[in-house]
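The values are calculated or read from the model by the stated rules, or taken from the named source; none is laboratory data. Since this is a predicted model, take the numbers as computed values, not measurements. Don't worry about glycine lacking a Cβ; one is built from the backbone with ideal geometry, like all the others, and counts go over all protein chains shown. Accessible surface areas use protein heavy atoms only, side chains included; no ligands, DNA or RNA. Shrake-Rupley method; radii C 1.70, N 1.55, O 1.52, S 1.80 Å.
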Amino acid sequence: PSDFYDKLINGVKSARERVVLCALYLGTGDLERKLLQELDDALTRRPELKANLLFDAARGTRQVGASGASTAALLAELQRRHGDRVTASFFLMPQLRGSRLSFLPRSWEKAPGMGLVLPSPVDEVVGVMHVKAMVFDDTTLLTGANLSHEYFTTRQDRYVLFRENAGFADYYSALVDHIGEHGDVLEIDDDGWRLKPLRSGESTHASMQCLVDRLRALQTKACQAITPNESRSHNPNPNLQPPDTWLVPAVTLPGYAQQNEAALAALLDHFTSGEEEVELTLASAYLNPLEDLSRRLCAFADGGSRVRIVTADRRSHGFSGARGPKAMIPGFYDAIADAAFGASPSALELRHWYREGWTFHGKGLWFARAAGMSLASVVTSSNFGHRSSVRDMEAQTVLFSHDAGLQRRLADEAALLSDEAPAVRGPLSDSNESYGLAGVLARLLRSIL
């Protein structure tokens, strides 16, 4: 986490043309304010630098602490100082847009201009924009982490840095642009700040369909796959080697596009049907797989291939130590895991990540040869669960590589993750949780977990 934070700080400091930050939310603590101060300083030093910031509208307007600070309030100060060189957008999920009430008095609204009365965090339960991507000029950082204190200190996630790849950076920069253009923009007025819907005259369905069409056109442009022979024929330098690594982006917007799920199913089908022995490692902080994914993972293991599923131990769960009803949530996930994988083949291992004083937020997928060479990896914001498929907007990139060095590093990454997660033996939950109130509630609440 500290390396992640350092990369963010250094990326902002070194950027000359663009900084793109996209996450569920930006925290309001000292480390987050330091990050914003670095961005403020960079914008002051370099008049040509622009910043594009995108967060979820529901989470980004949640007020925290006695001061009532929020992501939107912090960004309003930055935008006030730098004007149109800072674009701060907040995406409201389509299932929440039907609850907008434009006639609400400003004092009644959750946040100025939103037109929502659902309290926090109820609105976030309905659905959030969960995409995570950072761009600094031509370098892209993909992760599952948010921009908040615990993610910079003691919450373990996955981080993949793509250095000096202008085309890939352009794709994610445009992705954030398109999502933001179909959301709300931060607007400064005499009373402070408000959120202004950019497409208020358009129906939710029309706006979302337009967004998905634009994202598909962007992907088509970005994924102009060429064969090695074609690469040479179009390249003025015949000595230049053809590409050895391919990046395939995908997006899920529930009700409009399910690309992440389709890509995952295709990968599992491909490697299940192959003759080569392949090991699979899947990481999810909140393990709540769709039935189709559970079935495919078990089928993968049935064929004799090793499957390792890494998730949070109760002591390192994101809801560990919570009070009230939230204290039951780690038990919900254990009951779900027992139901999904309790009778799984012996080749499938469920592993619990634990480090004292830390929480686990990692997510990703790795396919590797038994010899320790990765064939493909999914870098994603998704936890591969019900919520990621039916409620939240997610983005991922599937990475294929023939480069031996990169294959080895990806395989080592999966192995290191597994080494910190001992295999679980026996049921995760006791009978009271599996079949009592916790088990019943887990089944009823699966779509929001």
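Scanning the range 396-422 for residues that are more than 24 Å from Val248 (Cα to Cα) and among the hydroxyl-bearing types (Ser, Thr, Tyr) returns a single hit, Ser418. Scan the range 45-61 and tell me whether some residue there is at pLDDT below 95, within 26 Å of Arg97 (Cβ to Cβ) and open to solvent by 10 Å² or more (accessible area, probe 1.4 Å). Scanning the range 45-61 turns up no residue that is at pLDDT below 95, within 26 Å of Arg97 (Cβ to Cβ) and open to solvent by 10 Å² or more (accessible area, probe 1.4 Å). When you scan the range 14-24, how many residues do you find that are part of a loop (DSSP other than H, G, I, E, B), within 22 Å of Gly183 (Cα to Cα) and open to solvent by 20 Å² or more (accessible area, probe 1.4 Å)? Matching residues across the range 14-24 total 1.
Checking the conditions here, which among Gly318, Gly304 is touching a residue at least 40 places away in the same chain (Cβ under 8 Å) and touching a His at 6+ places or on another chain (Cβ under 8 Å)?
Result of the check over Gly318, Gly304: Gly318.
In the range 75-95, the residues that are surrounded by fewer than 17 Cβ atoms within 10 Å (Cβ to Cβ) form Cβ pairs under 8 Å with partners that are part of a loop (DSSP other than H, G, I, E, B), at six or more places apart or across chains, as follows: Arg85/Leu49; Gln95/Gly127; Gln95/Pro254; Gln95/Gly255; Gln95/Arg391.
Taking the range 161-173 only, how many residues are outside any loop (DSSP other than H, G, I, E, B) and surrounded by fewer than 17 Cβ atoms within 10 Å (Cβ to Cβ)?
3
In the range 263-281, of all residues being part of a strand (DSSP E or B) and aliphatic (A, V, I, L, M), the one that is surrounded by the most Cβ atoms within 10 Å (Cβ to Cβ) corresponds to Leu280. I want to confirm something. Restricting to the range 367-388 and keeping residues that are within 15 Å of Thr143 (Cα to Cα) and part of a strand (DSSP E or B), which single residue is farthest from the chain's Cα centre (by Cα)? Restricting to residues being within 15 Å of Thr143 (Cα to Cα) and part of a strand (DSSP E or B), the top hit is Ser377.
Go through the residues of the range 220-241 one by one and say whether even a single one is at pLDDT 90 or above, surrounded by fewer than 17 Cβ atoms within 10 Å (Cβ to Cβ) and not in a strand (DSSP E or B). Yes: one or more hits. So, of the residues in the range 39-74 that are outside any helix (DSSP H, G or I) and more than 25 Å from the chain's Cα centre (by Cα), which turns out to be nearest to Lys196 (Cα to Cα)? Per the criteria, the residue is Gly68. Considered as a group, the residues in the range 156-193 that are more than 20 Å from the chain's Cα centre (by Cα) and of a type in the set (Gly, Ala, Ser) include one that is modelled with the lowest pLDDT, and that residue is Gly192. Please work out if Arg408 is open to solvent by 50 Å² or more (accessible area, probe 1.4 Å), within 25 Å of Leu290 (Cβ to Cβ) and assigned to a helix (DSSP H, G or I). The answer is no for Arg408. If you go through the range 309-364 and keep only what is acidic (Asp, Glu) and either crowded, with 24+ Cβ neighbours inside 10 Å or in a helix (DSSP H, G or I) (or both), you end up with Asp334, Asp338. Restricting attention to the range 174-208, the residues that are open to solvent by 50 Å² or more (accessible area, probe 1.4 Å), farther than 19 Å from Gly60 by Cα and touching a helix residue (DSSP H, G or I) at 6+ places or on another chain (Cβ under 7 Å) total 1. On the given criteria, is Asp123 in contact with a strand residue (DSSP E or B) (Cβ under 8 Å, 6 or more places away or on another chain) and of a type in the set (Asp, Glu)? Considered against the rule, which asks whether it is in contact with a strand residue (DSSP E or B) (Cβ under 8 Å, 6 or more places away or on another chain) and of a type in the set (Asp, Glu), Asp123 comes out as no. In the set (1) modelled with pLDDT of 95 or more; (2) open to solvent by 10 Å² or more (accessible area, probe 1.4 Å), Gly113 fails one condition alone, (1). Would you check which residues across the range 116-145 are over 24 Å from Leu449 (Cβ atoms), β-branched (Val, Ile, Thr) and either open to solvent by 10 Å² or more (accessible area, probe 1.4 Å) or touching a residue at least 40 places away in the same chain (Cβ under 8 Å) (or both) and list them? Within the range 116-145, Val117, Val135, Thr139 meet the criteria. For the range 43-74, a residue qualifies if it is free of Cβ contacts under 8 Å to residues at least 40 places away in the same chain and of a type in the set (A, V, I, L, M, F, W, C), and the qualifying residues are Leu49, Ala51, Leu53, Val64, Ala66. Filter the range 253-262 for residues that are crowded, with 19+ Cβ neighbours inside 10 Å and outside any loop (DSSP other than H, G, I, E, B) and give the result. Once the filter is applied, which keeps residues that are crowded, with 19+ Cβ neighbours inside 10 Å and outside any loop (DSSP other than H, G, I, E, B), the range 253-262 yields Leu253, Ala257, Gln259, Asn260, Glu261.
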